[in-house]
Amino acid sequence: MELFRYAENEYQAWFTANKMIPSTLQEHSSDEPQVISLGNICLIDGSWTSTSHFSGSGWAWMDRLEKAQLMGRRNYIRRESPLHSKVEALRWAMQSMQQYSTCQSFGMDCKDLIAMIKEPQAWPSFVTELERI
């Protein structure tokens, strides 16, 4: 439960930070505020350390009202790298969403994984993992 509270606090901090508009942008915008909505999204993370025997992953599905509806967490034998753990977390979250939700939006904090999905041919060492996704 402590891990979930931590993840929820991280989500809220990230969401709050993204609601703010820098003052330079506010000067050029209309009077209506610009807010990013994260409704109906599955937020994902994977963990990895070189000294641990296990990796971990977790996901939380937020509905359109930005309330956590489902979440999952698990550990498994440590993957080859932190990026491999992130890929595994995404794969598992996608499988879970197929079973429990109609959610098709996923959010994460890993630029490399996003780049890998956009241009899989640039990541030949992850061909097997990407095929599983």
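The values are calculated or read from the model by the stated rules, or taken from the named source; none is laboratory data. As the structure is a computational prediction, the values presented were derived from the model and not from experiment. With ideal geometry, Cβ positions are generated from the backbone for all residues, glycine too; neighbour counts draw on all protein chains shown.
Across the stretch 98-116, the qualifying residues are those that are in contact (Cβ under 8 Å) with a residue 24 or more places away in the chain and part of a helix (DSSP H, G or I), and the one among them that is nearest to the chain's Cα centre (by Cα) is 113. Per the listing 32, 27, 66, 80, the residue uniquely at pLDDT below 90 and under 15 Å from the mean Cα position of the chain (by Cα) is 66. If you go through the stretch 38-60 and keep only what is without any contact (Cβ under 8 Å) to a residue 40 or more places away in the chain, assigned to a loop (DSSP other than H, G, I, E, B) and in contact with a Gly (Cβ under 9 Å, 6 or more places away or on another chain), you end up with just 48. So for the stretch 87-95 (the condition being in contact with a Leu (Cβ under 6 Å, 6 or more places away or on another chain), assigned to a helix (DSSP H, G or I) and either surrounded by 15 or more Cβ atoms within 10 Å (Cβ to Cβ) or among the hydroxyl-bearing types (Ser, Thr, Tyr) (or both)), does at least one residue qualify? No, the stretch 87-95 contains no residue that is in contact with a Leu (Cβ under 6 Å, 6 or more places away or on another chain), assigned to a helix (DSSP H, G or I) and either surrounded by 15 or more Cβ atoms within 10 Å (Cβ to Cβ) or among the hydroxyl-bearing types (Ser, Thr, Tyr) (or both).
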